[in-house]
Amino acid sequence: MAGRPPAGYDEDVHPILAEQYAREGCINKEIAARLGVCETTFYNWRREHEEFRKALKDGKEVTDAKVEKALLTSALAGNYPAQRLWLLNRRPDRWRDKQEVEHSGALTWV
């Protein structure tokens, strides 16, 4: 089977790089490529190494918080798409696209 040879995990290097790449907005597939490993190895590392998993989570949370703040600022400034996205995700009970209608009673055939 062709592919990259398995890379050795380095607990002093890989968590730091993974967190940095996550802060830059990379998705898992991109992080794996930047680390020089296949996605299977990346997911194995994430499953097997707590410090790697935490680094990914921490890096993504930082960037997600920045994007959330920017989206809120844009929505408050009158950006309709930002407002819609915010409300659809934060208040889906009141702002979802799909409306549920409940029918009651029997059907009669004429």
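Summary table
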quantity	calculated
Relative contact order computed over the chain (Cα-Cα under 8 Å; 6+ residues apart), in percent	22
Dipole magnitude of the chain, debye to nearest 20 (Cβ charges: Lys/Arg +1, Asp/Glu -1, about Cα centre)	440
Region 70-110: chymotrypsin sites (Phe, Trp or Tyr not before Pro) in DSSP loop, at most 14 other beta carbons within 10 Å	109
Neighbour-count ranking [beta-carbon atoms within 10 angstrom, fewest first] of 101, 13	101, 13
Taking 103, 14, 49 and counting other C-beta atoms within 10 Å, the order from fewest to most	103, 49, 14
Likely footprinting exposure, 27, 16, fewest C-beta neighbours within 10 Å first	27, 16
Residue 34 versus residue 62: modelled label distance in nm, points set 7 Å from Cα along the beta carbon direction	1.1
Inter-site label distance for residue 84 and residue 54 at 7 Å from Cα along Cβ, in nm	4.2
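Quick note: the coordinates plus some simple rules give every number you see, no bench work behind them. These numbers come from a predicted model, not from an experiment. In this analysis, Cβ positions are derived from the backbone assuming ideal geometry, glycine residues included, and neighbour counts consider all displayed protein chains.
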